[in-house]
Amino acid sequence: MKWLTRSGSRARGLPLARPTLAGDAWPAADPAARHGFGAGTIHRLGMDAAFTPQAHEVADLLAARLLPLLPIDASPADLPHVVQLLRSAAQAGAGIGIVDARSQAETPDRMGSDAAGALGEAERELPPMPAALRVHARYLLHAGHHVARLGPGVVDDLEADLRDQAPPA
């Protein structure tokens, strides 16, 4: 099935959807996500871009604003390692977002199909962890990409979404 725009030409990529903890907007699960050489290339380039100052800034922002809102179940001894793992996931997502932004310059409201597949590859590379922690890591991969693509202003919306999802105290 072809995804067509109103003009009848093939749509490029997937819509940029806001990440959710439920994972219902996870791009790698979209049928339009590509898997293969292109996704592998974007993944590799994204991992290189994850070490740029821009990716570090995104990861720092998400660690400061979103991590405190996630219900992380870790012992005091494990917490620093868990925080570093989640921050690294955000940084990897940001790296993929930086590369994706270069290839999607003509369509800033869309994610490349290969970038969606690259996020899936990044998720598969995560170390073994409890299911709840994997949900948080996948969320931060997606959030890192989202912020790298749309800018730090979208963090307010992500933070509001997480506050709305928090169980009442």
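Here are some notes:
- Filtered residues of the stretch 25-40 (kept if without any contact (Cβ under 8 Å) to a residue 40 or more places away in the chain and under 9 Å from Asp114 (Cα atoms)): Phe37
- Residue within the stretch 53-68 that is assigned to a loop (DSSP other than H, G, I, E, B) and among the acidic types (Asp, Glu) present: no
Every residue, every condition in (1) open to solvent by less than 20 Å² (accessible area, probe 1.4 Å); (2) within 22 Å of Gly13 (Cα to Cα); (3) modelled with pLDDT of 95 or more, yes or no:
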{"site": "Pro53", "(1), (2), (3)": "no, no, yes"}
{"site": "Val58", "(1), (2), (3)": "yes, no, yes"}
{"site": "Ala74", "(1), (2), (3)": "no, no, no"}
{"site": "Gly93", "(1), (2), (3)": "yes, yes, yes"}
{"site": "Val99", "(1), (2), (3)": "yes, yes, yes"}
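- Filter result (of a type in the set (Asp, Glu), in contact (Cβ under 8 Å) with a residue 40 or more places away in the chain and over 16 Å from Arg134 (Cα atoms)) within the stretch 58-104: Asp100
- Enumeration of residues in the stretch 103-134 that are of a type outside the set (Gly, Ala, Ser) and loosely packed, with under 13 Cβ neighbours inside 10 Å: Glu106, Pro108, Asp109, Arg124, Glu125, Pro127, Pro128, Pro130
The values are calculated or read from the model by the stated rules, or taken from the named source; none is laboratory data. Just so you know, these numbers come straight off a predicted model, no measurement behind them. All Cβ positions, glycine included, derive from the backbone under ideal geometry; neighbour counts span all protein chains shown. Side chains included, ligands, DNA and RNA excluded: accessible areas come from the protein's heavy atoms. Shrake-Rupley method; radii C 1.70, N 1.55, O 1.52, S 1.80 Å.
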